[in-house]
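As structure tokens, the structure follows; a few thoughts come after it.
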Amino acid sequence: MKVIVKKNYDEVSEIAAQEIVDLVKNKNNAVLGLPTGSTPVGMYKNVVKSYKNGEISFKNITTFNLDEYIGLNKDNDQSYYYFMNNNLFSHIDINRDNINIPNGMADDLENECKRYEEKLKAVGYMDIMYLGIGINGHIGFNEPAEYFEPFTHEVKLEESTIEANSRFFEKVEDVPTSALTMGIKTIFSAKKIILIATGENKADAIAKTVNGKIDPQVPASILQLHRDVTIIVDEAAGSRL
Ligand code: GLP
């Protein structure tokens, strides 16, 4: 595990974006795994800037998002589909057919999870997977649990996650209580994984991820077993390392 500590949010956003820009420049048909949340917003802004400067094109790039809430349609401004469109896809030249996000409105959610895994397999899995982290150590929506779930699956969200994510909703009752998320093996299919975290409230989760025991109660700790992981944090999130 490589750990990079940058001064602040802006520096984390810049260096994280640079990795995407470099990959897309070198491999114009790369497959990217992408996260949502407030942490990657600055990274996406920098990626869009590079696209607008003419540095890169997403014409042949394929993306797979980590997760999606169950029960929010694409037009709901809290759906991850909406988030991705707003922060990245509507600003770049990506082919809409190459965008993949789990469909949390599917009639048969189990089947949707299988379909997602098959699609990923068909494109040869991800070149790079970006992750944020929850304050409880979750990655995607892999919540603290008794065991690690390997593949894309349905999860019931923890109270602490619902509470943390309620800041984006009008009221806490509006936050969906379940979601679809890539599993650990799905995430591990990426050749390279980059986790970004900023702010003091992530310091404990980051310390446990990097130096703690590998424990399904801290889902991100399993990243210690992947062969190419870089954790990029600001000084606050890295303060307990
Ligand atoms: C959500 C997402 C995660 C994300 C986490 C942290 O629960 N499912 O993928 O990493 O929030 O979000 P933030 O960056 O807003 O702290």
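Tabulated data
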{"read-out": "Those residues of segment 206-241 which are open to solvent by 60 Å² or more (accessible area, probe 1.4 Å) and either assigned to a loop (DSSP other than H, G, I, E, B) or within 12 Å of the ligand (Cβ to nearest atom) (or both), in sequence order", "value": "K213, I214, Q217, R227, E235, S239, R240, L241"}
{"read-out": "Top-ranked residue in segment 43-55 [being open to solvent by 10 Å² or more (accessible area, probe 1.4 Å) and not polar (S, T, N, Q); ranked as farthest from the ligand (Cβ to nearest atom)]", "value": "G54"}
{"read-out": "Tally, over segment 45-81, of residues that are closer than 14 Å to V175 by Cβ and more than 17 Å from the chain's Cα centre (by Cα)", "value": "4"}
{"read-out": "Condition check for T186: open to solvent by less than 20 Å² (accessible area, probe 1.4 Å), closer than 24 Å to D108 by Cβ and touching a residue at least 12 places away in the same chain (Cβ under 8 Å)", "value": "yes"}
{"read-out": "Among residues of segment 85-124, those that are in contact with a Phe, Trp or Tyr (Cβ under 9 Å, 6 or more places away or on another chain), surrounded by fewer than 22 Cβ atoms within 10 Å (Cβ to Cβ), closer than 14 Å to F64 by Cβ and of a type in the set (A, V, I, L, M), counted", "value": "3"}
{"read-out": "Any pair with Cβ under 8 angstrom, 6 or more apart, that starts in segment 117-145 at a residue that is of a type in the set (K, R) and ends at one that is more than 10 Å from the ligand (Cβ to nearest atom)", "value": "K119/F64; K119/N100"}
{"read-out": "All positions within segment 79-88 that are touching a residue at least 12 places away in the same chain (Cβ under 8 Å) and farther than 15 Å from P102 by Cβ", "value": "N87, L88"}
{"read-out": "Only one of A164, A179 that is near the ligand (Cβ under 9 Å from one of its atoms), at pLDDT below 95 and out of contact with any helix residue (DSSP H, G or I) (no Cβ under 7 Å at 6 or more places or on another chain)", "value": "A164"}
{"read-out": "Within segment 103-205, strands (runs of 3 or more DSSP E) holding 3 or more residues that are within 15 Å of the chain's Cα centre (by Cα)", "value": "128-131, 178-181, 192-197"}
{"read-out": "Residue ID - surrounded by the fewest Cβ atoms within 10 Å (Cβ to Cβ), chosen from residues in segment 125-143 that are within 24 Å of A17 (Cβ to Cβ) and more than 9 Å from the ligand (Cβ to nearest atom)", "value": "Y125"}
{"read-out": "Inter-residue pairs, beta-carbon under 7 Å, first more than 15 Å from L131 (Cβ to Cβ) and in segment 26-42, second open to solvent by 10 Å² or more (accessible area, probe 1.4 Å) and acidic (D, E), 6+ apart", "value": "K27/D127; A30/D127; V31/D127; G42/D10"}
{"read-out": "Count - residues of segment 124-159 that are closer than 21 Å to L32 by Cβ and among the hydrophobic types (A, V, I, L, M, F, W, C)", "value": "8"}
{"read-out": "Unmet requirement for V12, which otherwise passes all of (1) over 25 Å from H138 (Cβ atoms); (2) within 19 Å of the chain's Cα centre (by Cα)", "value": "(1)"}
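The values are calculated or read from the model by the stated rules, or taken from the named source; none is laboratory data. This structure is a prediction, so every number in the text was calculated from the model and none was measured. Reconstructed Cβ throughout: ideal geometry from the backbone, glycine too, with neighbour counts over all protein chains shown. Side chains included, ligands, DNA and RNA excluded: accessible areas come from the protein's heavy atoms. Shrake-Rupley method; radii C 1.70, N 1.55, O 1.52, S 1.80 Å.
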